[in-house]
Amino acid sequence: MAIDHFSANRLNRRECLAFAVAGAGLWWQSRPFDLFAADVVVPARHDLLVRTETPFNAEPRLEKLANAFLTPVENFFVRNHGTQPVIDPRAYRLTIGGAVDKPLSLTLDEIAKKFTRVSIRATVTCAGNRRTEFATEKPVPGVPWDAGAIGNAEWSGVRLSDVLKLAGIKAEAKHVWFEGQDQITVNGQNRTFGGSIPLSTVLEGQPAERVILADRMNGRPLTAEHGFPIRSLVPGYIGARSVKWLSKITVSDRPSSNFYLAQTYKLVEENAPEKVAAASPIYEFLTNSAICDVQPVAGTDKFAVKGYALAGGRRGNRIAEVNLTTDGGKTWQRAKLVSPVVDFGWVLWSAEIKVPAGTERIQVKATDSEGTSQPARSPWNAQGYQYNGWHSVLVKKVT
Ligand code: MTE
């Protein structure tokens, strides 16, 4: 079948891929178009696409994500709400208080000596990942993320449950609050970044690892951007619950009143304060997937398509299948899962598919082992969270 001359771009128009057939051979080109000049790359820092400079928010080019099960730190998105704090590890103390028998104030050395080191491979994804896809319907405020506000890493540190057990959990305890050291100023008001998770999540599945106080990412100390010296790491939950530059843990009978739990990271139809206050906080991430790379297969009429897929964030829930369509969902072609499949972590997939002439878009849909499949589109919400509709790459004839 002859494919004459194609260009393809992602649905949200942040990046373009151009495909062409020159004579008998296929060639491929990836280039930033002037239209996307907002995608400023700061090479000194990382090869990331900067979505906002201050605070610093940046994500990798999607094709960088599909090659490694563990995302290298230089390709790992950064989501900051305020200024990154500079923390002296010798002066650092982590306090544990609230509904505990024995409040603690621990140095890094004490944390390392008192508790067993554990590790877990888990995905961190921003609740706003893929936010720009809502904008095809109506604009939404917030960092304009493409599908790269996600990464998978091996996190190591100590079990939060071990730390809380040393402090002694009181009977009334139901929630665990986290607070970071970063200062955030919004409209002249100062806040700290924080939030909470149910205590049941901390104790869930033991002795299997789940919530940890992580000091290492992919075998190396956390970088300043990713929360040095310690962050909470809550597998299965949206990234906002994994608090960087962690300074304080409070055990309580109720959820945290921190702005980032009580007043945002919620699914609401409008941002009216009373509606936001009444809505529940988002905890678990949803089943999701994205196409990260599309390449012609030389000498064939096929394209090699690669990407990631993530099962909804519950223990034991894993990706069961990933399917691609070129006809808007009438027919599907199954992709191969090509990476380890673990609880709370993404899986990488790949497929070689025929793209018939006249195809407008290639779309992907993942289904998890609980039987949940991504919807064709996600319902709009005013804060632009948890987009998980079928992810698309546009494929259009240009000549
Ligand atoms: N922790 C602090 N202290 N401050 C922050 O701004 N951002 C949160 C979370 N933890 C944030 C934070 C959000 S919204 C996300 S998605 C993740 O960190 C991103 O983690 P990363 O920057 O390491 O990728």
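We did not get these values from a lab; they are worked out from the coordinates using the rules stated. Being a predicted model, the structure only gives us computed values, none of them experimental. No Cβ is skipped: glycine too gets one built from the backbone with ideal geometry, and neighbour counts run over all protein chains shown.
Cross-link list Lys174/Lys244; Lys102/Lys174; Lys138/Lys275; Lys266/Lys330; Lys114/Lys248; Lys330/Lys354: which exceed 25 angstrom alpha carbon to alpha carbon?
Lys266/Lys330
With the alpha-carbon atoms of the stretch 223-263 aligned to their principal axes, the span from lowest to highest coordinate is 32, 20, 18 Å, starting with the largest.
Between Ala304 and Ser280, the simple spin-label model (points 7 angstrom out along Cα→Cβ) gives 4.3 nm. The phi torsions of the stretch 233-243, fed into the Karplus equation with coefficients 6.51, -1.76 and 1.60 and a -60° offset, translate into couplings of 10, 10, x, x, 9, 4, x, 4, 7, 9, 7 Hz, rounded to whole numbers, with Gly and Pro shown as x. For Trp390, the residues 5 or more places off, or on other chains, whose built amide H falls under 5 Å of its own are Ala376, Arg377.
If R0 equals 22 Å, the separation of the Cβ atoms of Arg254 and Ser200 corresponds to a calculated FRET efficiency of about 0.95.
Here's how it looks for Ile212: its modeled amide H is under 5 Å from those of Leu160, Leu233, which are all 5 or more places away or on a different chain. Applying a DSSP loop filter and a limit of 13 other Cβ atoms within 10 Å to the GluC sites (Glu not before Pro) in the stretch 50-114 leaves Glu53. In the chain, the inverse of the mean reciprocal separation of distinct Cα atoms equals 22.0 Å; this is its Kirkwood hydrodynamic radius. Other residues whose C-beta falls under 10 angstrom from the C-beta of Ser119 contribute a net charge of +1, scoring Lys and Arg +1 and Asp and Glu -1.
Compute the signed sum of charges (Lys and Arg +1, Asp and Glu -1) over the other residues within less than 10 Å, Cβ to Cβ, of Lys248. Neighbour charge sum, excluding Lys248 itself: 0.
Quick one: net charge of Ala382's neighbours, Cβ under 11 Å, K/R +1, D/E -1? After counting each charged neighbour, the total is +1. Between Lys138 and Arg377, the contour length at 0.36 nm per residue exceeds the alpha carbon distance by 84.7 nm.
Overall, the chain carries a charge dipole of about 400 debye about its Cα centre when +1 sits on the Cβ of Lys and Arg and -1 on the Cβ of Asp and Glu, all other atoms neutral. When both the stretch 270-318 and the stretch 46-97 are represented by their alpha-carbon centers, they are found 19 Å apart. Derived scalar couplings between HN and Hα for the stretch 154-161 equal 8, 9, 9, x, 10, 5, 4, 4 Hz in order, rounded to whole Hz, by the Karplus curve 6.51 cos²θ - 1.76 cosθ + 1.60 (θ = phi - 60°), x for Gly and Pro. In the distance distribution for the stretch 225-325, Cα-Cα pairs more than 21 Å apart total 57 percent. Our summary gives the chain a relative contact order of 18 percent, counting only alpha carbon pairs under 8 angstrom and 6 or more residues apart. In order along the stretch 361-375, the phi-based Karplus estimate (6.51 cos²θ - 1.76 cosθ + 1.60, θ = phi - 60°) of 3J(HN,Hα) comes to 8, 9, 10, 10, 9, 10, 10, 9, 6, 7, x, 7, 10, 5, x Hz; Gly and Pro are listed as x. Largest GNM mean-square fluctuation across Ala279, Ala112, Ala91, computed for the chain with C-alpha springs under 10 Å, falls on Ala91.
For Tyr237, the residues 5 or more places off, or on other chains, whose built amide H falls under 5 Å of its own are Phe285. Looking at the chain as a GNM with Cα springs under 10 Å, which of Ile87, Ile150, Ile282 has the largest mean-square fluctuation? Taking springs between Cα atoms under 10 Å, the residue moving most is Ile87. Give the separation of the Cα centroids, the stretch 337-371 to the stretch 133-171, in Å. Here the two parts' Cα centres lie 23 Å apart. Extent of the stretch 295-399 along its three principal axes (Cα atoms, max minus min coordinate, largest first): 47, 35, 21 Å.
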